[in-house]
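The values are calculated or read from the model by the stated rules, or taken from the named source; none is laboratory data. Please read all numbers here as calculations on a predicted model, not as lab measurements. No Cβ is skipped: glycine too gets one built from the backbone with ideal geometry, and neighbour counts run over all protein chains shown.
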Amino acid sequence: MGGSVLGVIGGSGLYQMPGLTAMEPLTVATPFGEASDGIVRGRLGDTPVVFLPRHGRAHSRSPSSLNYRANVYALKSLGVTHVLSVSAVGSLREEIAPGDLVVPHQFIDRTTARVGTFFDRDVVAHVSMANPVCPIVAAAVATAARSTGANTHVGQTYVCIEGPRFSTRAESRMFRQWGADIIGMTNVPEAFLAREAELPYATLALATDYDSWRDHDEAHVGDILAVMANNVARAHAVIAHLAAALPDVSASPAQGALKFAVMTRWESVSAEARARYALLLGDRG
């Protein structure tokens, strides 16, 4: 697909991109502050790729301290057309075992301390989030995941907690009752911001543990790290497969998501605010 650029947001364990050629480190200024870490632009085969390690290359940033807005805005400013978020998660279902790959379609937001929108001042925009994942990109990610031979689950619900602590057993069981299938700390508000930025977005979730809903299980970092090494190798394979077969996203629900979402009269918006939102909203004069 001509003009396509794959943006990859690397989660826990995924701090670099093997196989990336013509690498160029970038520092991107945004109206919303600094991104999590330096961004790397390069190529996987013939496909341009922009890679951002969500937690920083030394995993120095906790889920609550991430500048999600700057991260998504930076990808948008670099011409990204497809976003793949790679995230380690806990499993809330017996059938999703550690080592399995999951391509969720829905999110439940249980965060409390994050700015969840680009439009928190000067301009008000109400963007539909009924289906926050791009089905076109998600389908391509699922195909890429299955191509690795990994046990792959598609269409699940991801509950995002504030972190950095893991859930209590009561919370873990409550999330199961709510219909959540996996649990993580980073995909909200990331997924919602991507939709606000009109970026087709999907998640590749790497199951590392069973959270704490089973009587004999608790989430421990040591156990998670033991599973993570194999998961990250699979993630690299999925990314390479996806990069080689990026789908046409011209019909993605992300395209034109802001068209009818802005409630603010444009003539009342200051020049400073127009400049801040120019990349997202264009010239509405």
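Of (1) part of a helix (DSSP H, G or I); (2) surrounded by fewer than 24 Cβ atoms within 10 Å (Cβ to Cβ); (3) in contact (Cβ under 8 Å) with a residue 24 or more places away in the chain, residue 166 satisfies all except one. Which?
All conditions are met except number (1).
Consider residue 46 against the criteria (1) over 18 Å from residue 232 (Cβ atoms); (2) surrounded by 16 or more Cβ atoms within 10 Å (Cβ to Cβ); (3) not small (Gly, Ala, Ser): it satisfies all of them except one. Which criterion is unmet?
Failing condition for residue 46: (2).
So, in region 1-42, exactly how many residues are modelled with pLDDT under 90, touching a strand residue (DSSP E or B) at 6+ places or on another chain (Cβ under 8 Å) and part of a loop (DSSP other than H, G, I, E, B)?
Of the residues in region 1-42, 13 are modelled with pLDDT under 90, touching a strand residue (DSSP E or B) at 6+ places or on another chain (Cβ under 8 Å) and part of a loop (DSSP other than H, G, I, E, B).
Given 114, 121, which one is among the basic types (Lys, Arg), surrounded by 14 or more Cβ atoms within 10 Å (Cβ to Cβ) and part of a loop (DSSP other than H, G, I, E, B)? Can you show your working first?
On the way: 121 fails: surrounded by 14 or more Cβ atoms within 10 Å (Cβ to Cβ).
None of the other options fit; the residue is 114.
Please state which one of 144, 88, 74 is buried (at least 22 other Cβ atoms within 10 Å of the Cβ), touching a residue at least 60 places away in the same chain (Cβ under 8 Å) and assigned to a helix (DSSP H, G or I). Step through it out loud before you land on a result.
Working: 88 fails: assigned to a helix (DSSP H, G or I); 74 fails: touching a residue at least 60 places away in the same chain (Cβ under 8 Å).
Of 144, 88, 74, the one residue that is buried (at least 22 other Cβ atoms within 10 Å of the Cβ), touching a residue at least 60 places away in the same chain (Cβ under 8 Å) and assigned to a helix (DSSP H, G or I) is 144.
Find the residue count for region 175-212, including only residues that are more than 11 Å from the chain's Cα centre (by Cα), among the aromatic types (Phe, Trp, Tyr), outside any loop (DSSP other than H, G, I, E, B) and under 26 Å from residue 238 (Cβ atoms).
Total satisfying the criteria: 1.
Just to be sure, is residue 172 touching a residue at least 24 places away in the same chain (Cβ under 8 Å), in a loop (DSSP other than H, G, I, E, B) and over 14 Å from the mean Cα position of the chain (by Cα)? It would help to see each step written out before you state the result.
On the way: touching a residue at least 24 places away in the same chain (Cβ under 8 Å): yes; in a loop (DSSP other than H, G, I, E, B): no; over 14 Å from the mean Cα position of the chain (by Cα): yes.
No, not satisfied.
Would you pick out the residues in region 169-199 that are surrounded by 24 or more Cβ atoms within 10 Å (Cβ to Cβ) and aromatic (Phe, Trp, Tyr)?
Within region 169-199, none qualify.
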